[in-house]
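**Student:** The following block contains the structure, expressed as structure tokens.
Bear in mind that the values in this text are calculations on the coordinates, not laboratory data. As the structure is a computational prediction, the values presented were derived from the model and not from experiment. Because the Cβ atoms are built from the backbone with ideal geometry, glycine has one as well, and the counts that use them run over all protein chains shown.
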Amino acid sequence: MKLRVELKKQIDDSYDILIEPGLLDRVPKHLKENPLGDKYTIITDSNVRTLYGEALLSCLEEEDIESCLIDFPAGETSKNLSTLEHLASELVDNGMNRKSAVIALGGGVVGDLAGFVAATYMRGINYIQIPTTLLAQVDSSVGGKTAVDIREGKNLLGAFYQPKAVYIDPNVLLTLTDRQIRNGMAEVIKYGVVYDREFFEYVEKNEEIIKKRNVEALTRVVYKSCEIKRKVVKMDEKEGNLRSILNYGHALGHAEEKCRSYEILHGEAVAIGMNFAGRLATQMGFWNEEELERQNRLIESFGLPLRSVCSPEELLEVMRHDKKAESRRIMFVLPERIGKMATVDGSYRIPVSERDLSIALARFFRGPRAKPY
């Protein structure tokens, strides 16, 4: 006997990304006029709580919006199952139900954790992204990737779960440290390399005013990055092929983070990974040295690292467990030219054998070792 369960679905997960200086102060009124839940829990970290969390809570209460605030210790080391369980318990204690919504207020770690708890709490409730770092504004707040780290590697438990809205206020970037600005610029440069040559050239030409945190320039950088990611996610939401290009620099980058116990920031690790993947692309005949050096000049101009302080053996061991590995081969996305990624048989994920990868790593580590960043 046989029974078939028919589950064909048409789902509209569309949402708006609102980008405007000063927007954060207007979020409560916008939610009052466009409610996404019967009550809200702001999830943030210990740093952002005092910077923006408590003020946002007060503004929500002034609009008679039922809300509460919970936080966790800032940093990548909090992105784990223990923190996830803590957040879920707090949602229960605060009476959150299936019609309630989570507000993710913070950087990439906050967005990943808050998004994942929203995806799994009562089998899924609404959530809103309000990113407060450059990296989160240009990358992690858009596209619906949520995850936590486990002992074996970064982001190995997670879900594709789209937010209901993204509110981006470039003014909050003015309170960031220089290191956090640099951290986000790694992902900005990545967008130019993998998708948009003109955007890459814009960043090259406007390097100095971006460093000076000109709000108009930062707003354009954020808008263009989100526009690129929007286009890619629209065509390939769950990373069937095209969305893989956004992982440029991440294979070795994630390994670098893991090997260094997450003391290095994500963008810093991705910068190192872009250098390695770029060199691998030239070794395999996809890219040329001139454009590789052009990429690396821009990375270095923003004070980002290019060299690893880990050992080739450590990095290779971690990459073996990366979620992008397939059939004992590690998958890389590699540039063909600035603004376009290479394909093999129509796939952007290009397999590299452990033997070839070991050779590439040995070449990458020739010469003096980098100092810890």
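**Student:** Would you kindly state how much longer the chain becomes between K9 and R230 on full extension, computed as 0.36 nm times their sequence separation minus their alpha carbon distance, in nm to one decimal?
**Tutor:** Values: separation 221, 0.36 × 221 = 79.56 nm, distance 2.22 nm.
77.3 nm is the gain from fully extending K9 to R230.
**Student:** To the nearest 10 degrees, how steeply does helix 266-283 sit against the main Cα axis of the chain, on a 0 to 90 scale?
**Tutor:** So the helix axis and the longest Cα principal axis differ by about 30 degrees.
**Student:** In whole Å, what are the Cα extents of the chain along the three principal axes, biggest one first?
**Tutor:** Result, largest extent first: 68, 61, 35 Å.
**Student:** Still on this structure: Give me the Debye-computed log₁₀ of I(q)/I(0) at q = 0.09, 0.17, 0.19 Å⁻¹ for the range 16-175, equal point scatterers on Cα only, no solvent, two decimals.
**Tutor:** -0.24, -0.92, -1.18
**Student:** May I ask which of K99/K234; K8/K164; K79/K99; K29/K154; K224/K258; K212/K258 have a Cα-Cα span longer than 28 Å here? Can you show the working numbers first?
**Tutor:** Values: K99/K234 26 Å; K8/K164 23 Å; K79/K99 25 Å; K29/K154 37 Å; K224/K258 30 Å; K212/K258 32 Å.
Over 28 Å apart, Cα to Cα: K29/K154; K224/K258; K212/K258.
**Student:** Let me ask something else. Using a 10 Å cut-off around each Cβ, can you sort H254, H86 from fewest to most neighbouring Cβ atoms? Kindly include the intermediate steps, with their values, before the conclusion.
**Tutor:** Working: H254 27, H86 16.
Going from sparsest to densest Cβ surroundings: H86, H254.
**Student:** Then there is this: Report the full-extension gain for the segment M1 to E216: residue separation times 0.36 nm, less the Cα-Cα distance, to one decimal in nm.
**Tutor:** Numbers: separation 215, 0.36 × 215 = 77.40 nm, distance 6.53 nm.
Gain in length upon complete extension: 70.9 nm.
**Student:** Pick out, from I168, S82, L306, the residue whose Cα sits farthest towards the positive end of the charge dipole of the chain, with +1 on the Cβ of Lys and Arg and -1 on the Cβ of Asp and Glu.
**Tutor:** Towards the positive end, the residue furthest out is L306.
**Student:** Any idea what angle helix 81-93 forms with the longest principal axis of the chain, computed on alpha-carbon atoms, 0 to 90 degrees, nearest 10?
**Tutor:** The answer is roughly 10 degrees.
**Student:** Within the range 66-97, name every residue whose backbone N is under 13 Å away from a label modeled 7 Å from Cα of T177 along the Cβ vector.
**Tutor:** Once the point is set 7 Å along Cα→Cβ of T177, 74-76 turn out to lie under 13 Å by backbone N, inside the range 66-97.
**Student:** Only bridges with both residues in the chain count here: give the DSSP antiparallel percent, nearest 5. Let's see the in-between values first.
**Tutor:** Working: 12 of 34 bridges.
Beta bridges within the chain, antiparallel portion: roughly 35 percent.
**Student:** Something else now. Counting other C-beta atoms within 10 Å, which of R363, R260, R243 has the fewest, and how do the rest follow? Don't jump to the answer; show the numbers that get you there.
**Tutor:** On the way: R363 14, R260 17, R243 20.
Ranked by crowding around the Cβ, least crowded first: R363, R260, R243.
**Student:** What span do the alpha-carbon atoms of the range 181-364 cover on each of the three principal axes, reported in whole Å from largest to smallest?
**Tutor:** 46, 35, 30
**Student:** Just the ratio, please: alpha-carbon radius of gyration of the range 172-231 over 2.2 N^0.38 Å, N its number of residues.
**Tutor:** Numbers: Rg = 10.9 Å, N = 60, 2.2 N^0.38 = 10.4 Å.
Against the empirical 2.2 N^0.38 Å value, I get 1.04 for the range 172-231.
**Student:** So in the chain, which Cys have no other cysteine's beta-carbon sitting under 4.7 angstrom from theirs?
**Tutor:** Among the cysteines of the chain, those whose Cβ sits 4.7 Å or more from every other are C59, C68, C226.
**Student:** Return the loop-located trypsin sites (Lys or Arg not before Pro) in the range 1-101 (DSSP other than H, G, I, E, B) with at most 11 other Cβ atoms within 10 Å of their own Cβ; answer none if there are none. The partial results should precede the final answer.
**Tutor:** Working: sites: K2, R4, K8, K9, R26, K29, K32, K39, R49, K79, R98, K99; in loops: K2, R4, K8, K9, K39, K79, R98, K99.
When the trypsin sites (Lys or Arg not before Pro) of the range 1-101 are filtered for loop state and at most 11 Cβ neighbours within 10 Å, K2, R4, K8, K9 remain.
**Student:** While we're on this one: Helix 178-194 versus the longest principal axis of the chain: what is the Cα-based angle in degrees, 0 to 90, to the nearest 10?
**Tutor:** In the chain, helix 178-194 runs at an angle near 70 degrees to the longest axis.
**Student:** If you don't mind, another one. I need the calculated FRET efficiency for the pair S82 and R26, taking r as the beta carbon distance and R₀ as 45 Å, to the nearest 0.05. Kindly include the intermediate steps, with their values, before the conclusion.
**Tutor:** Values: r = 35 Å, r/R0 = 0.78.
For R0 = 45 Å, the calculated efficiency reads 0.80.
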